[in-house]
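Visitor: The following block contains the structure, expressed as structure tokens.
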Amino acid sequence: MRGARHVKNAAIVVAAGSGTRAAGKDAAVPKQYRPLAGRMVLAHCLEAFSAHPAISDILVVIRPGDEPLYEEAVRGLQARLLPPVHGGATRQQSVLNGLRALSALHPDTVLIHDAARPFITIATISDILARLDHVPGAIAATPLSDTLKRGADGLVAQTIDRTGLWCAQTPQGFRYCEILAAHEAAAAAGRSDFSDDAAIAEWRGLRVALVDSPAANWKITKADDFARAEAQMRQSHAEEIARAPMGESRAATGFDVHAFEAGDHVTLCGVKIPHTHGLRGHSDADAPLHALTDALLGTIGAGDIGDHFPPSDPQWRGADSGIFLKHARDLIARRGGRIVNVDITILAERPRIAPHRDAMRARVAELLGIGVDRVGLKATTTEGLGFTGRREGLASLATATVFLPFEPGG
Ligand code: MG
């Protein structure tokens, strides 16, 4: 992963084309919205970017009127998506619209990707981000392998030396300020003939690095490309499963209680909820996050939250419990583990959890770097019984399942 935590890397996925060359039998549907191995081509692209831990925000540029198709493509996707923006008459204009739409976010870098390349890998995204530490631009490209001929009247006029020739792909990554300035300058100069963003960067004298990317990251162009794309997508899924390391699933539980005290809000799963009371605790008293931290620590036999963050240590006074959860997450990641799912139950008469449930799940998913569909959250009263029933405090249970690869010799 690139750089310090404050670095923001955004992605623009350009999906504003009408895709007429690839229209084929679904003439009305642009290629980026056509199904490929069970989901839309665009959804495959968005999945790759959203799965990358260093990409903080994703913006899709769409054709005006394609909103219903876009909504269908992103339905159920756990991606950090900004609202889509409309493209322009040319790809160049569409990218510029996307870049301008990111101005409030002002990311450090932006990766620009064509929606018709669904085979983009997380490794290529990482390689591009890594190069952007050293150069203002870095593009996915693959060395040319075919011999090039210049033709004239149906005959070979010349064989072109392919030494040093590369086929440009996307993503093309840039430092945000510099590519925005280059695009604005191109627009101001009335230039609309650039075939990719790197060409605009080059025109402005920016250095652009070539990042060796698999030829498999090809662009769906014609209608009959879909059969090949379908076969490739199925093959890569099969390989992914075969590559998964041997390992084991482990489950563990956690439990935590905090008492109510005077106050006007409680913090549950990192979400501030207005309430007639607060919760007493050394940290922010986020009982569900404490229970979940214990559950995660339990999967690797790593003790409990108090071992890692002693209540006697003043530095955790009022601390955001997200810190504790991220620590447990990182310990699992260091073992090569993957969090499969987590599930939380909150026991409380009040406050009502339901109105905040989606925000709480989203926050837990964000803290753990997993999809929201892997975060369960329920709340129940205890029918007026016990300390929760008497509204003296609230309790939380959590379970976690992780997948841990077997350690060599372990
Ligand atoms: Mg606690």
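Visitor: Per residue, what accessible area does the stretch 340-410 have, given a 1.4 Å probe and all protein chains present, in Å²?
Guide: Value for the stretch 340-410: 50 Å² per residue.
Visitor: Oh, and also: With a bin width of 10 angstrom, please list the P(r) values of the stretch 199-240 as percents of all Cα-Cα pairs, from the 0 bin to the one holding the largest distance.
Guide: Taking every Cα pair in the stretch 199-240, the percentages come to 21, 32, 25, 19, 2.
Visitor: Something else: Under a plain spin-label model, where a point goes 7 Å from the Cα along Cα-to-Cβ, how far apart in nm are GLU349 and LYS326?
Guide: Result for the modelled spin labels: 3.7 nm.
Visitor: Give me the three principal axis extents of the stretch 60-196 from the C-alpha atoms, as integers in angstrom, largest value leading.
Guide: Projected onto its principal axes, the Cα set of the stretch 60-196 covers 50, 37, 37 Å.
Visitor: Could you state the orientation-averaged shadow area of the convex hull built on the Cα atoms of the stretch 334-410, in nm² to one decimal?
Guide: 6.5 nm²
Visitor: Here's a follow-up. Please work out whether the stretch 184-259 counts as rounded, prolate or oblate from its C-alpha gyration tensor, where a ≥ b ≥ c are the square roots of the eigenvalues and a/c under 1.5 means rounded, while otherwise a/b larger than b/c means prolate and anything else oblate?
Guide: oblate
Visitor: Sequence neighbours fewer than 8 away in the same chain don't count; with that in mind, list the lysines whose C-alpha is under 18 Å from LYS222.
Guide: LYS25, LYS31
Visitor: Setting aside same-chain residues fewer than 8 positions from LYS326, which aspartates and glutamates have a Cα under 17 Å from its Cα?
Guide: ASP284, ASP286, ASP294, ASP304, ASP307, ASP343, GLU366
Visitor: Which order do the peptides 282-295, 123-136 come out in when sorted by mean C-beta neighbours inside 10 angstrom, highest first?
Guide: Result, highest mean Cβ count within 10 Å first: 282-295, 123-136.
Visitor: Given charges of +1 on the Cβ of Lys and Arg and -1 on the Cβ of Asp and Glu, with all other atoms neutral, how large is the dipole of the chain about its Cα centre, in debye to the nearest 20?
Guide: Value, rounded to 20: 540 debye.
Visitor: Given 10 Å bins starting at zero, what is the percent of C-alpha pairs of the stretch 224-349 in each, up to the one with the largest pair distance?
Guide: 11, 34, 24, 14, 11, 6, 1
Visitor: Right, another one. Quick one: which residues, 5 or more positions from GLY263 or on another chain, have an amide H under 5 Å from its amide H? H modelled 1.01 Å from N in the peptide plane, none for Pro or chain starts.
Guide: GLY278
Visitor: If I fit a long axis through the Cα atoms of helix 357-368 and take the longest principal axis of the Cα atoms of the chain, what angle between them do I get, 0 to 90°, rounded to 10?
Guide: In the chain, helix 357-368 runs at an angle near 70 degrees to the longest axis.
Visitor: How charged is the neighbourhood of GLY384? Take every other residue with its Cβ under 10 Å from the Cβ of GLY384, and add Lys/Arg as +1 and Asp/Glu as -1.
Guide: Taking every other residue near GLY384 into account, the sum is 0.
Visitor: So between ALA259 and ALA181, what do we pick up on full extension, going 0.36 nm a residue minus the alpha carbon distance?
Guide: Full extension of this stretch gives 22.6 nm more.
Visitor: Using the scaling law 2.2 N^0.38 Å as the reference, what is the normalised Cα Rg of the chain?
Guide: 1.17
Visitor: A further question follows. Probe of 1.4 angstrom, ligands and nucleic acids ignored: what's the accessible area per residue over the stretch 161-308, in square angstrom?
Guide: 50 Å²
Visitor: Also: List the residues whose amide H sits under 5 Å from the amide H of ILE12, counting only those 5 or more places along or on another chain, with H placed 1.01 Å from N in the peptide plane.
Guide: Here the answer is LEU59, LEU111, ILE112, HIS113, since their amide H atoms fall under 5 Å of that of ILE12.
Visitor: Carbon and sulfur together cover what percent of the accessible area of the chain at a 1.4 Å probe radius?
Guide: Its accessible area is 52 percent carbon and sulfur atoms.
Visitor: Scan around GLY17 for amide H atoms under 5 Å from its own, H built in the peptide plane at 1.01 Å from N, and keep only partners 5 or more places away or cross-chain.
Guide: Amide H neighbours of GLY17: none.
Visitor: Going from most exposed to least, what order do CYS167, CYS177, CYS45 have by accessible area with a 1.4 Å probe?
Guide: CYS177, CYS167, CYS45
Visitor: A further question on this structure: For the stretch 82-151, treating each Cα as an identical point scatterer without solvent, what Debye log10 I(q)/I(0) comes out at q = 0.21, 0.24 1/Å?
Guide: -1.12, -1.24
Visitor: Nearest 500 deg cm²/dmol is fine: what mean residue ellipticity at 222 nm does the chain get from its DSSP H runs of n ≥ 4 alone, each adding -39,500 (n - 2.57), divided by its residue count?
Guide: -9000 deg cm²/dmol
The values are calculated or read from the model by the stated rules, or taken from the named source; none is laboratory data. It should be emphasised that the depicted structure is a prediction, and the values quoted were computed from it without experimental measurement. Cβ: placed from backbone, ideal geometry, glycine included. Neighbour counts: every protein chain shown. Each accessible area value is taken on the protein alone, full model and side chains, heavy atoms only, with ligands, DNA and RNA left out. Shrake-Rupley method; radii C 1.70, N 1.55, O 1.52, S 1.80 Å.
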